[in-house]
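Taken together, the values in this text are just the output of simple stated rules run on the coordinates, not laboratory data. A quick note: this is a predicted structure, and the numbers were derived from the prediction, not measured. A quick note on method: Cβ atoms are made from the backbone with ideal geometry, for glycine too, and the neighbour counts reach across all protein chains shown.
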Amino acid sequence: MSEMLLEELYGEMLLLRRFDELCLALKMKDLIYSGYHPYEGQEAVAVGFCGALETNDVLLSTHRPHGHAVAKGCSLEAVLAEMMGRQPGCSGGLGGGMQYIDTENNFYCGSVVGSNLPIATGIGMAIKQQKLDRICMCLFGDGASNTGSFHEALNLAAIWKLPIVYICENNQFAEAMPAREFVACERISMRARAYGLDEITVDGNDIEETRRVATELIARTRHGEGPFLVEALTYRLRGHYVGDPEATYRDHEEVELWRQKEPLIRAKENLLASGVNETALEDLDKTIGERLSRVRDWALDQKFPTIEQALDHVWIPLAEGETTCL
Amino acid sequence: MPVITFGEAIRQAYSEEMKRDENVFLIGEDVGRWGSLYRSSKGLLEEFGPERIKDAPISEAAIAGCGVGSALMGMRPIVEIMYIDFITIAMDQIVNHAAKWPQLSGGKVKLPIVFKTQGGAGRRNSSQHSQSLENWFVGIPGLITVMPSTPYDVKGLLKSAIRNDNPVMFIEHKALYFEKGEVPDTEYLIPLGQADVKRKGDEVTIIATSWMVLFALKAAAKLQDEGISCEVVDPRTLWPLDKETIIQSVKKTGLCLVVTEAPAEGGWSGEASSVVHENCFRDLKAPVKRLCSPRTGMPYGPVLERQIIPGEDSIASAVRDLAGEARRK
């Protein structure tokens, strides 16, 4: 990977890291209302995979979506405003941080674990049937790989050879349930064999590897070689939600060990080794910080949705002027 | 006018709508090779090919997800769930996604999906293949719920459901597929959300759904001989409910019986009763009466099954009680 591209990807990951920190701070001030699911440590998955898609490719994300959304091209403003329940949010401030839609960027996320895999199958089916030059990517976690929907969706996608890249973002915890205890096989990618697909596990904390694999698999999917199932092995550095009782399911030492292997440290080491100036990276960080301050200040000024907006678009009325909520 | 079966009326609706719009397709278990369990898509695989008549594995969540995903991409899927009892596996897609995403997108996403299934008793399939689960869907904002009772209605309503841009729950009854009725050979549509007065009368209003409409009509004919005039209202669409037709009828008769195969508790029959009480209270000569299946799993075998669900005799008896109560006043 060229030093220039690596620097660019590092910048995108750093943006996600600082954005996550901003969200955490807003959550602590109770300006994000629902449970907040931090993304720290998983940035190489979002930037590596989601960032490799074209705008008209469809991305289905999870209950921990903000990294994926921003990497796909959704604006920081729209994503933050949604988390803060404000009108200019992706879903008008009515969805919150776990479920929102950005149709312009073909981004969809939802908070029911495993549900997005069957929808991805349907999107892939429609793309293939309509012979569109698009693909679908679907992200989910280790927890989702234990649902029935995972099996149903992958089987169907595999028998119909659909243009979908399924990414299992294995952050090693489904809420408080460690994958090592709650997933029956050693690696989630082994489950691909059950659908006649290749076993692919990547180091999800290595941006060079995630982007390289993403580029290759997206290209192969466009050429009709899909579907693919990729396990991106990473680690959730923070709790499932802010303030969860972490001591009930993991040791502090384990977290510290993984903190040494997180994607930003590794990318930075490689950049410095290839001769990039540390001051340049510090300047980049400063620029990001200023940009995020502006986004935060803007978001704080935005209005909340009204009760009328909460009752709108529930359905398309059968007759002109009909107002009954369906 | 040609006389055809309920199943044939469905087949005609599919065929006409698939010819009209290339985005319409059917997906479900055994919809192709078998032509669906009750042959309502018979011959369509040959006519439209496997891309548009898609046999799917026994994967209700994935089938329903295919509906949501393909609708998102501009297609108009008809998702067949073989038995309504199996829709439990697909509920996540219907309730959490099909019913939610249009609103979460601020109206930019349209999900024109018909979730087509069949429920009810009548074929001695006992408690996991005979349920009446329509109440669940009536309780979900964002869904339209349709329950047709005649070949004429099923064709016109299904065509409207396919053309509608909302997700529609289209619930047929397994005892109706071989019922015959007149269906014109020229095209027609029946608007969703419109009830039909299946029989005019002026003493008692019977509101009945799906298979129960047939029993209500038989009971009404019998009661006519006894001097009790019944009006039979078939809502056809459970939600949005055509309250006007119901209110008009009850304001005229002053008596109302609601008949459903689903148990009364927590169900649509209570919704219909409330509509009557809220709008016709001063016109009522007696409180609304409900006749529904008791709160139990459907028993196996032909004798108990018929005893459990409302029928011609129990409807007639309930109407006599209601009329008697009013006359005593």
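A few remarks follow.
- Separation of alpha-carbon centers, the stretch B:191-238 and the stretch B:47-85, rounded to whole Å: 34
- Long pairs among B:Lys42/B:Lys116; B:Lys110/B:Lys155; B:Lys243/B:Lys329; B:Lys289/B:Lys329; B:Lys198/B:Lys222, criterion Cα-Cα beyond 18 Å: B:Lys110/B:Lys155; B:Lys243/B:Lys329
- Helix-derived mean residue ellipticity, 222 nm - over chain A, DSSP H n ≥ 4, -39500 (n - 2.57), to 500: -13000 deg cm²/dmol
- Loop GluC sites (Glu not before Pro), the stretch A:203-263, which have at most 13 other Cβ atoms in a 10 Å radius of their Cβ (DSSP): A:Glu225
- Once the Cβ-Cβ distance of B:Ser317 and B:Ser127 is raised to the sixth power relative to R0 = 22 Å, the FRET efficiency obtained is 0.30.
- Taking a ≥ b ≥ c as the square roots of the eigenvalues of the Cα gyration tensor, the stretch A:142-267 is classed as oblate, since a/c reaches at least 1.5 and a/b does not exceed b/c.
- Applied to the stretch A:175-187, the Karplus parametrisation 6.51 cos²θ - 1.76 cosθ + 1.60 on θ = phi - 60° returns per-residue 3J(HN,Hα) values of 6, 9, 9, x, 4, 4, 9, 10, 10, 6, 9, 5, 10 Hz, with x for Gly and Pro.
- GNM result for chain B, Cα springs below 10 Å: residue of B:Asp21, B:Asp196, B:Asp30 fluctuating most strongly: B:Asp21
- Global geometry of the stretch A:48-181, whether rounded, prolate or oblate, following the gyration tensor of its Cα atoms and the 1.5 cut on a/c: oblate
- Dividing the summed -39500 (n - 2.57) terms of all DSSP H runs of n ≥ 4 by the residue count of chain B sets its mean residue ellipticity at 222 nm at -11000 deg cm²/dmol.
- Against chain B, whose longest principal axis is taken from its Cα atoms, helix B:243-253 shows a tilt of about 20°.
- Antiparallel %, DSSP beta bridges [both residues in the stretch B:196-328], to 5: 20
- Highest-fluctuation residue, A:Asn105, A:Asn170, A:Asn270 considered, GNM on chain A with Cα pairs under 10 Å: A:Asn270
- Residue with peak Gaussian network fluctuation, chain A [Cα springs, cutoff 10 Å], from A:Ile159, A:Ile265, A:Ile135: A:Ile159
- Here the stretch B:3-182 carries DSSP beta bridges of which approximately 10% are antiparallel, counting only pairs with both residues inside.
- Length released on extending from A:Asp285 to A:Leu132, taking residue separation times 0.36 nm less the Cα-Cα span: 51.2 nm
- Estimated translational diffusion coefficient (Stokes-Einstein, Kirkwood radius over Cα pairs, 4 °C, 1.567 mPa s) of the stretch B:2-80: 103 µm² per second.
- Crossing angle, helix B:312-328 versus chain B [Cα axis fit, 0-90 degrees, rounded to tens]: 40
- Net charge in the neighbourhood of A:Thr306 (other residues with Cβ under 13 Å of its Cβ; Lys, Arg +1, Asp, Glu -1) is 0.
- DSSP-defined beta bridges in chain B - what % are antiparallel, rounded to 5: 20
- Close amide-amide hydrogen proximity is noted between B:Val24 and B:Arg76, each under 5 Å apart and 5 or more residues distant or on a separate chain (H modeled in the peptide plane; Pro and chain starts excluded).
- Anisotropy class of chain A from Cα gyration tensor, a/c 1.5 cut: rounded
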